Amino acid sequence: MPELSPLTWAVGITALVVGILAGHFGWGRNWLAALGRRNAGRFTKLHPDYLAGLDYVVTEQPDRALDTFLKLLDANADTLETHFALGSLYRRRGEVERAIRIHQNLLARKTLAPEHREQALLALAHDYLRAGLLDRAEGLFLEVSQVPRLRARALDSLRGVYERQLEWEQALGVYHQLSRIDAAPPPSVAAHYLSEMAGLAMERGANDAARRLLREARREVTPFPRAALLRSRIAEGEGDIALAIKLLRTAVRAAPVLMQEELPHLLDLIAPQEREALLRELVTLAQSRDRAELKRLVFAAISAGLGASPTLRVSIETVVAQDPTLRTVWRLKAFPGGGAGSVPGARDVPSPGDIEQIATEIHALLASAEKYRCGECGFAGRSFYWHCPACHAWESFEAFAIVKLG
Ligand SMILES: [Zn+2]
């Protein structure tokens, strides 16, 4: 394909931009007038075709597209919205340097109206956040938070900056500022900040401060299993095992997702003769809730080496009978070279005698499986996090086993 001359390229891009803008604002309407509207939320209401058109341009020739758009901006004040859209597009594609160039270019214009300057500052702050330049992002979010119409958005992003810097006290301060303008996230987020602070206090041996912070967390949300878990750790450290057991039981009952991580510890704390009673209590509770909870409990108990427990026998059988993956595992082991269907008269569900063998197999599979997955972004891992390391959502982790067959 012959190289396009710069003039042809510029004309083509200009035509495309005009076409895209006309398509965005509707044929037959005065799109220049539409560009002049100054309602705050308009940048978020772009037509999908418009973004698809921009995406095509930046995919094909990202640097040339950027140069041309920046020249258009110099020549025509009515292309502001295109620049905001293009900047946002580059950022979403991870091309943060280009996004920064666009927004800095906008800010360098002496004729930029104050509301457009504020919008560009907010966009640039998001670029810095995406680029990991947290100090710069913090400064700009703080500046933009002084603008009433952008305050909630700037503060919420600032909260995210402090979360990433593990500055929990500052994150909590911003949370309270958001509360005052009715724009705060759920109270559990504040309770997690307080729990993070309590965890740090515990690390430096300041148990009284930690308890005070956890009381505050419980004032935000009750019940709050994370606070019960941390108070259990404090009690255990101070030798009050009875209280530690009580609090840990409370935590796993309120948050079954903790079962896999905490059940072995709970079993370590209680006397051996009380273990079957505890399992019976947990099985009864799980059965009264749903099938997924019984499965979580069974997996946690097998991970903890309780596959031979008489209390669990029926539960393991139930879980295996109801789970297609586990039934496949069992069949592969019971009938190597073919399924039960290929053996005339073969049992299709495991007999009680098979249960212990199945528990051993599950134990081996769990030892190498990823046990948790973020319900927001799909991040999977072997450790439990209250705060997803990938998408920064709170309490988004679910118990999950990626079992590799064969
Ligand atoms: Zn996530």
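Return the residue satisfying two criteria in turn: it lies in the range 378-389 and is near the ligand (Cβ under 8 Å from one of its atoms) and surrounded by 14 or more Cβ atoms within 10 Å (Cβ to Cβ), and of such residues it is nearest to R159 (Cα to Cα).
As a first pass, look at the range 378-389 and keep what is near the ligand (Cβ under 8 Å from one of its atoms): 378-379, 388-389.
Still in the list and also surrounded by 14 or more Cβ atoms within 10 Å (Cβ to Cβ): 379, 388.
On the way: F379: 22, C388: 15 Å.
Result: C388.
Only one of (1) in a helix (DSSP H, G or I); (2) free of Cβ contacts under 8 Å to residues at least 24 places away in the same chain; (3) surrounded by fewer than 16 Cβ atoms within 10 Å (Cβ to Cβ) is not met by Y175, so which one is it?
The single condition Y175 does not satisfy is (3).
Would you be able to tell me the number of residues in the range 287-307 that are within 15 Å of F400 (Cβ to Cβ) and in contact with a Lys or Arg (Cβ under 9 Å, 6 or more places away or on another chain)?
2
Report every pair of residues separated by at least 6 positions or lying on different chains whose Cβ atoms are under 6 Å apart, first residue within the range 386-398 and in contact (Cβ under 8 Å) with a residue 12 or more places away in the chain, second within 7 Å of the ligand (Cβ to nearest atom) and of a type in the set (G, A, S).
Between residues of the range 386-398 that are in contact (Cβ under 8 Å) with a residue 12 or more places away in the chain and residues that are within 7 Å of the ligand (Cβ to nearest atom) and of a type in the set (G, A, S), the close pairs are C388/S396.
Could you list all residues from the range 128-160 that are under 28 Å from the mean Cα position of the chain (by Cα) and either farther than 23 Å from P185 by Cβ or outside any helix (DSSP H, G or I) (or both)?
Taking the range 128-160 first, the residues under 28 Å from the mean Cα position of the chain (by Cα) are 128-145, 149-160.
Answer for the range 128-160, where residues must be under 28 Å from the mean Cα position of the chain (by Cα) and either farther than 23 Å from P185 by Cβ or outside any helix (DSSP H, G or I) (or both): A131, G132, L133, D135, R136, S145.
Can you tell me which residue is nearest to L155 (Cα to Cα) among those in the range 178-218 that are of a type in the set (D, E, K, R) and not in a helix (DSSP H, G or I)? Give the steps one after another, and end with the answer.
To start, the set of residues in the range 178-218 that are of a type in the set (D, E, K, R) comprises 180, 182, 196, 203-204, 208, 211-212, 215-216, 218.
When the remaining residues are screened for being not in a helix (DSSP H, G or I), the result is 182, 204.
Numbers: D182: 12, R204: 30 Å.
My answer is D182.
Report yes if R249 is among the basic types (K, R) and within 30 Å of R275 (Cβ to Cβ), otherwise no.
Spelling it out, R249 is indeed among the basic types (K, R) and within 30 Å of R275 (Cβ to Cβ).
Only one of P225, P256, P264 is closer than 30 Å to P186 by Cα and out of contact with any Lys or Arg (no Cβ under 8 Å at 6 or more places or on another chain); which? Please lay out each step first, then the result.
Values: P256 fails: out of contact with any Lys or Arg (no Cβ under 8 Å at 6 or more places or on another chain); P264 fails: closer than 30 Å to P186 by Cα.
Step by step, each of P225, P256, P264 is checked, and only P225 is closer than 30 Å to P186 by Cα and out of contact with any Lys or Arg (no Cβ under 8 Å at 6 or more places or on another chain).
Determine whether the range 94-116 contains at least one residue that is in contact (Cβ under 8 Å) with a residue 60 or more places away in the chain and closer than 29 Å to G199 by Cβ.
The answer is no; no qualifying residue exists.
For R153, indicate whether it is farther than 30 Å from L263 by Cα and of a type in the set (K, R). Write out each step before concluding.
Values: farther than 30 Å from L263 by Cα: yes; of a type in the set (K, R): yes.
So R153 fits the description; yes.
Scan the range 364-377 for residues that are within 16 Å of the ligand (Cβ to nearest atom) and over 12 Å from S396 (Cβ atoms) and jot them down.
Narrowing the range 364-377 to residues within 16 Å of the ligand (Cβ to nearest atom): 370-377.
Scanning the range 364-377 gives E370, K371.
(1) modelled with pLDDT of 75 or more; (2) more than 36 Å from the chain's Cα centre (by Cα); (3) buried (at least 18 other Cβ atoms within 10 Å of the Cβ): which one isn't true of I362, the others all being true?
(2)
Please go through the range 245-275 and pick out each residue that is outside any loop (DSSP other than H, G, I, E, B) and over 30 Å from the mean Cα position of the chain (by Cα). Break it down stepwise before answering.
Here is the first cut: in the range 245-275, the residues outside any loop (DSSP other than H, G, I, E, B) are 245-254, 256-269, 272-275.
Listed by number, the residues that qualify are I245, K246, L267, D268, L269, P272, Q273, E274, R275.
Somewhere in the range 304-327, is a residue assigned to a helix (DSSP H, G or I) and modelled with pLDDT of 90 or more? Full working, then the answer.
Narrowing the range 304-327 to residues assigned to a helix (DSSP H, G or I): 310-322, 324-327.
Add one more test, that the residue is modelled with pLDDT of 90 or more, and what stays is none.
Within the range 304-327, none of the residues are assigned to a helix (DSSP H, G or I) and modelled with pLDDT of 90 or more.
The values are calculated or read from the model by the stated rules, or taken from the named source; none is laboratory data. Keep in mind that this is a model prediction, so the values were computed, not measured. Note: ideal-geometry Cβ built from the backbone for every residue, glycine included; neighbour counts use all protein chains shown.
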